[in-house]
Every structure is written in C-alpha cells, then in structure tokens.
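Readers should treat all values here as calculations from the given coordinates under stated rules, not as data from a laboratory. Just so it is clear, the model here is predicted, and its values are computed rather than measured. Cβ coordinates were reconstructed from backbone atoms using ideal geometry, including for glycine residues, and neighbour counts include every protein chain displayed.
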Amino acid sequence: MHLGQTAVQQKNFSEAVAWFTKAAADSPKDPQIMACLGQSLCWLGKREEGLAHLHQSGQLLLKKARKSRDIGLALDLVDQLQYWNDFPGALGICKQAVQINPGYLRGYQLLALTHSRLNQKKPALAAGRQALKLAPNSAVLSILLATLEAADGLNHEARQRLEKVLQNPLLTAEEQFRANKELARILDKLGEYDRVFVHLHAAAEVAPRLPEVKRQDAGLVPKMLENYKAEFDSELLGHWANADFPANQPAPTFLLGFMRTGTTLTQEVLAAHPDVFVADETDLIASVAKELDRLSNGQGSLPEQLRKLDLTGVLHLRAFYWHRAHALYGDKIGTRLLLDKTTMNTIDLGLINCIFPDAKLVFLLRDPRDVCLSCFMQTMLPTPSTVQLINWKSTARFYAQVMDWWLTIRPQLTMRFIEFRYEDAVFNFEPAFRKVFDFIGLEWDPAVAQFHKKAAEKYIASPSFSQVAQPLYSSSVGRWQHYRAEYTTILPELQTFIEEFGYEN
C-alpha cells in the first residue's frame with residue numbers, strides 16, 4: 001500500500017496498479033485497498049475496471065458502517081464515484097448510507113446532488129430539504145435547496161430563499177458568488193429582466209476571490225489560440241490527408257463549437273440513434289496531446305511536434321486514442337459510430353485534423369449574443385477556458401478569440417465538416433437533423449425525436465443536462481433581446497461574428 005501510494009504521488013499509475021493489485025491479493029476484503037486500486041485504474045484510463053473495484057470498496061464500507069453507523073468513509077467513496085461521473089453507482093451507495101445513519105448531514109447533501117445530476121428532481125428536492133432541516137442556518141444548503149427548487153419549477157420559493165441568504169453579511173465569497181448567480185437565473189425565468197444583470201455583475205465582482213479561480217492560468221488558452229493561428233497552416237493540416245489508415249483505426253465523428261451553442265442538445269439527439277455511441281466531455285484528445293508531447297520528449301510547441309511526426313507516429317496516436325476509448329467504455333462502443341463530443345476541443349482542431357484528417361466534424365453555431373448571455377449566466381467549474389467567462393466583457397472577448405480561430409482554420413481543414421445552427425434544431429428539427437444524419441452516414445430514425453426521454457434517464461456531463469431532458473423549447477432563442485442595454489459594451493467584440501454567421505437580422 002505504501003509503495004502504491006508513493007507511485008500515485010509520482011503519477012506513475014501503472015506502477016500503482018501493480019502494487020495495489022498485490023495488496024488486494026493478500027487482503028481481498030480491505031475496502032481501502034479496493035478504493036486505491038479502483039482510483040488508480042481510473043487514472044490509468046481503465047475506467048470500467050476501476051469503477052468495478054470502487055463499487056466493491058463501497059459495499060465493503062457499507063458492511064462496516066452497518067455495525068458502527070459511521071458512514072463517513074462510504075460517503076468519501078460516493079465522492080470518488082461522482083468524480084468519475086458514475087452517478088448511478090454513487091446514488092446506490094449514498095441511498096444505503098443515509099438509511100444506515102439518517103442523521104448524517106453530508107449524506108443528504110450528497111444524495112441531493114446525486115439525484116439532481118441524474119435529473120431526478122423530486123427526490124433531489126426531498127434530500128435537499130432534509131439536509132437543510134439538519135442545518136437550518138447553512139447558507140450553502142440554502143443555496144443548494146434554492147437551486148433544486150428552481151429545477152422543479154418552484155421559482156418564487158427559490159427567489160425568496162436566495163434573497164434571504166444574500167441579506168447575510170457574513171457570507172463567504174463562494175456563497176456570495178453562487179447565490180447571486182442562481183438568483184440571476186431564477187429572475188430571468190420569472191421575467192424580471194431589469195434585476196438579472198445586477199446579480200450577474202455582483203457575482204462577477206466576487207469571482208476573482210474564489211480559490212479555484214485564482215488557481216487557473218487565465219492567459220493559457222488565449223495565448224495558445226494566438227500561437228495556433230500563427231503556426232498551423234494548410235501544409236501541416238494536409239500532411240496526412242491522403243494516407244491510408246487501417247480499418248481498426250477509424251476516424252470518429254467530432255461534435256464541437258463554443259460553450260452553450262447546443263452541442264449537448266445535438267449530442268443527445270444523435271445519441272438517441274441506435275448506431276451512435278457518444279463520448280461525452282472526455283479527455284481523449286487531451287490524452288493524445290500528452291502522448292504526442294511524450295513522443296517528442298517535451299520539445300517544441302504542439303504544431304512543431306506535429307511537423308516532426310511521421311506516419312508511424314500518426315498511426316500510434318490513432319491507436320492510442322482508440323485504446324483510451326475502449327479503456328473508458330469497454331465493449332459499449334461495439335461497431336457503432338463514435339461521436340466525440342468535447343465542446344472546447346475546438347481549441348484542438350489543428351491536432352484533431354492532423355491525426356484524423358479523414359474525420360467528420362459537426363460544428364455548432366448560435367447567435368453570438370445568446371451564446372455570451374448563456375455563458376455568463378451559467379455556473380461552471382473553473383478551468384483555463386471557463387475562467388474566461390467570469391465577467392461580461394471577458395466572456396465576449398473569449399468567444400471572439402475562439403471563433404476567430406474557427407474562421408482561421410475552417411478553410412484549411414481537410415476533414416469534412418458542416419456548420420449546424422442551434423436555431424435550426426429548435427425551429428426546424430427534422431429537416432435540420434436529417435441533414436446531420438445524412439452527413440455522418442446514418443439513416444434517419446424517427447425515434448430520435450424522443451431524445452429527451454432517454455436523456456432524462458442518464459448522467460450527462462454538460463451543465464445543460466436538465467435542459468436536454470425535456471422537449472425542445474424556443475425561449476432561449478433571442479433571449480439576449482431582454483438585455484439590449486447590456487450589449488453596448490460588448491457588441492464591438494461580437495459584430496464580426498454576428499455578420500459572418502448571418503445573425504444580423
């Protein structure tokens with residue numbers, strides 16, 4: 001165990017798995033060993049195998065908890081399962097844990113979050129109420145409950161709860177941020193548009209003080225985009241366009257765009273087709289970039305590394321991609337078309353095109369004004385990309401940087417692509433999606449129109465998981481018009497793209 005943990009600290013997960021496997025052979029019923037082995041397998045990319053060990057650890061911990069009533073370690077395991085996006089597995093353990101000790105606050109908090117991420121609104125609300133009952137003065141739990149109330153359509157109750165929270169002068173920066181963000185979203189739903197940006201700007205003022213925001217390198221992605229614009233050219237992008245690739249290394253279909261452009265909606269419609277498997281917000285391409293860097297001994301920029309790559313290297317990276325995909329999903333992909341939807345892989349379009357010049361790309365477009373509004377209103381986990389969205393002006397600036405990259409690389413791509421409008425999906429569903437299915441080479445299946453029913457039954461990585469679990473609605477189209485006055489400061493950043501993508505009228 002000590003040797004395994006040392007290997008984890010060194011991020012040598014292959015060695016960690018080897019040590020933890022030996023430990024498990026000696027002590028097959030030790031829940032800590034099972035958890036360490038499961039985590040290491042997941043870090044190694046063997047998610048299916050890793051989750052099986054985490055589930056085993058969870059059951060062992062629950063068995064111990066039934067004697068001691070201490071469910072703390074079992075809830076730690078729930079956290080681990082949520083980290084690896086296994087919300088159904090997390091739910092099963094969490095339900096048993098709160099039955100063992102119904103007075104444990106954290107149990108109901110985790111239960112509420114888990115139900116919520118699975119679109120189970122009523123049980124999420126019930127668990128959230130129980131958590132707040134155990135700690136009635138908790139601002140964190142009040143904000144959580146208000147969020148759950150809003151998700152269940154109880155917007156007036158949620159507004160009153162958040163307004164009361166914001167009267168507390170002792171709120172932490174994170175509590176201020178979340179309460180203002182959630183209240184802005186609720187006021188938007190209630191049509192009280194004149195108050196929405198007051199709270200959005202209040203959240204933006206607090207955001208730079210959040211520890212997770214401070215940890216992000218805000219200059220990383222903009223600098224990367226500038227470098228890519230300068231270094232990727234037609235010669236590099238077309239280098240392997242005519243290569244023959246093995247049948248066991250096919251090119252996936254990519255679904256990209258900017259955040260909040262409808263990539264999740266499109267993903268779920270395509271996923272409703274029996275011949276499509278969706279890789280939803282994964283690190284597949286990020287892992288390929290790391291492997292390329294390893295092959296290059298960390299020397300040079302990514303475009304420079306690609307220029308030095310030969311066909312053998314390209315084939316290695318394609319095989320690496322598929323090895324990672326099968327490690328993540330096991331046999332679930334089968335013979336189906338793999339749709340790789342990781343929205344901000346738009347930044348990595350140059351890498352994708354070089355390694356998969358034979359791929360197909362569905363690129364989402366949406367009115368830039370609606371995109372920026374939706375991004376600024378959304379609460380997202382801080383990353384080098386999402387940290388750009390913490391204030392109104394930087395949101396528009398980042399949108400412009402990413403879409404300028406798209407306009408730069410678009411005419412140089414060798415892979416086939418189509419641009420697909422969110423508005424067409426909403427107002428012209430079947431003809432619009434027929435074109436997409438035709439492009440990716442699949443027959444139209446009328447069952448895809450019921451995509452929301454399937455979406456409501458599973459975990460979806462995107463923040464818009466709850467929206468795609470309901471029938472199509474048009475209220476998000478042109479929503480920016482409620483806030484026209486706010487756009488005077490950002491229209492100069494957006495005007496080029498409004499005109500380029502045909503949204504001026």
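With charges only on Cβ, +1 for K and R and -1 for D and E, what is the dipole size of the chain about its Cα centre, in debye, rounded to 20?
1820
In a solvent-free Debye calculation with one equal scatterer on each Cα, what is log10 I(q)/I(0) for the stretch 137-215 at q = 0.13, 0.22, 0.25 Å⁻¹, listed in the order of the q values?
At q = 0.13, 0.22, 0.25 Å⁻¹ the computed log10 ratios are -0.36, -0.97, -1.18.
How large is the Rg to Rh ratio of the stretch 287-386 when both quantities use alpha carbon positions and Rh follows Kirkwood?
Result for the stretch 287-386 is an Rg/Rh of 1.02.
Enumerate by residue number the trypsin sites (Lys or Arg not before Pro) in the stretch 316-359 meeting two conditions: DSSP loop (anything except H, G, I, E, B), and at most 13 other Cβ atoms within 10 Å of the site's Cβ.
When the trypsin sites (Lys or Arg not before Pro) of the stretch 316-359 are filtered for loop state and at most 13 Cβ neighbours within 10 Å, LYS332 remain.
Determine the gain in length on full extension of the stretch GLU499-LYS290; use 0.36 nm per residue of separation and subtract their C-alpha separation, reporting nm with one decimal.
Additional length available on full extension: 71.5 nm.
If you put +1 on each Lys and Arg Cβ and -1 on each Asp and Glu Cβ, how big is the dipole of the stretch 312-396 around its Cα centre, in Debye rounded to 20?
So the dipole magnitude of the stretch 312-396 works out to roughly 60 debye.
If I stretch the segment between LYS122 and ARG434 completely, what's the gain in nm (0.36 nm per residue apart, minus their alpha carbon distance), one decimal?
108.8 nm
What are the ³J(HN,Hα) couplings of the stretch 428-435, residue after residue, when phi is run through the Karplus curve with 6.51, -1.76, 1.60 and θ = phi - 60°? Round to Hz, x for glycine and proline.
Once θ is set to phi - 60°, the couplings for the stretch 428-435 become 9, 3, 5, x, 5, 6, 4, 5 Hz.
Quick check: pseudo-label points 7 Å beyond the Cα along Cα→Cβ at ALA135 and ASN168, how many nm apart are they?
Label-label distance for ALA135 and ASN168, simple model: 1.0 nm.
Could you run the Karplus curve 6.51 cos²θ - 1.76 cosθ + 1.60 with θ = phi - 60° over the stretch 139-156 and give me ³J(HN,Hα) per residue in whole Hz, x for Gly and Pro?
Karplus-based 3J(HN,Hα) across the stretch 139-156 equals 5, 4, 6, 5, 5, 4, 5, 4, 4, 5, 5, 4, 4, 9, x, 8, 5, 5 Hz.
Whose amide H sits under 5 Å from the amide H of LEU361, counting only residues 5 or more places off or on another chain, with H placed in the peptide plane?
Residues meeting the amide H criterion: PHE254, ARG416, PHE417, ILE418.
State the extension gain, in nm to one decimal, for the chain segment bounded by GLN378 and GLU49, taking 0.36 nm per residue of separation less the distance between their alpha-carbons.
Result: 115.1 nm gained on full extension.
Using +1 at the C-beta of Lys and Arg and -1 at the C-beta of Asp and Glu, which of LEU200, VAL213, ASN137 has the Cα lying farthest in the positive direction of the dipole of the stretch 137-215?
VAL213
Indicate the gyration tensor shape class of the stretch 1-157 (rounded, prolate or oblate), computed on the Cα atoms with a ≥ b ≥ c the square roots of the eigenvalues: a/c under 1.5 is rounded; otherwise a/b larger than b/c is prolate and the rest oblate.
Prolate.
Quickly estimate the mean residue ellipticity at 222 nm for the chain, helices only: each DSSP H run with n ≥ 4 gives -39500 (n - 2.57), and the total goes over all residues, rounded to 500.
One gets -18000 deg cm²/dmol as the mean residue ellipticity at 222 nm.
Per residue, how big is the convex hull around the C-alpha atoms of the stretch 216-339? Give it to me in cubic angstrom, could you?
Output value, Cα hull per residue: 142 Å³.
Go through ALA126, MET34, LEU54 and say which Cα lies farthest out towards the positive end of the charge dipole of the stretch 1-130; charges sit on Cβ, +1 for Lys and Arg, -1 for Asp and Glu.
Of the listed residues, the answer is ALA126.
Contact order normalised by length for the stretch 202-316, with contacts defined as Cα pairs under 8 Å and 6 or more residues apart; what percent is it?
24
Just the Cα atoms of the stretch 25-93, one point each, no solvent: what log10 I(q)/I(0) does Debye give at q = 0.18, 0.21, 0.25 Å⁻¹?
After summing over all Cα pairs, the log10 values are -0.59, -0.79, -1.07.
Here are several values of P(r) over Cα pairs in 20 Å bins from 0, in percent: [x] 20, 55, 25, 1; [y] 24, 60, 17, 0; [z] 24, 57, 19, 0. Which one was derived from the coordinates shown?
Label of the calculated value: [x].
Which whole-angstrom value gives the distance between the alpha carbon centres of the stretch 323-394 and the stretch 1-30?
34
Under 8 Å for C-alpha pairs, at least 6 residues apart: give me the relative contact order for the chain, rounded to a whole percent.
This gives 15 percent for the chain.
Put one equal scatterer on each alpha carbon of the stretch 92-241, apply the Debye formula with no solvent term, and list log10 I(q)/I(0) at q = 0.16, 0.17, 0.18 1/Å to two decimals.
-0.90, -0.97, -1.05
Give the lysines reachable from LYS189 as a straight Cα distance under 18 Å; neighbours fewer than 8 places away on the same chain don't count.
Filter leaves LYS121, LYS181.
Mind ordering 274-284, 394-404, 224-234 by average Cβ neighbours within 10 Å, highest first?
Top to bottom by mean Cβ count within 10 Å: 394-404, 274-284, 224-234.
Using Cα-Cα distances under 8 Å and only pairs 6 or more residues apart, what relative contact order does the stretch 1-130 have, in percent?
After rounding, I find 15 percent.
For TYR83 and ASP194, what does the FRET efficiency come to when R0 = 41 Å and r is the distance between their Cβ atoms, rounded to the nearest 0.05?
0.55
Pop a pseudo-label 7 angstrom from the Cα along the beta-carbon direction at both ASP445 and LEU311 and give the gap in nm to one decimal.
Each label point is offset 7 Å from its Cα along the Cβ direction, giving 3.6 nm.
What are the residues whose amide H is under 5 Å from the amide H of VAL278, where those residues sit 5 or more places off or on another chain and H is modelled from the backbone?
Answer set, sorted by chain and number: LEU339.
Whole angstrom only: what separates the Cα centroid of the stretch 222-275 from the Cα centroid of the stretch 293-320?
Their Cα centres are 17 Å away from one another.
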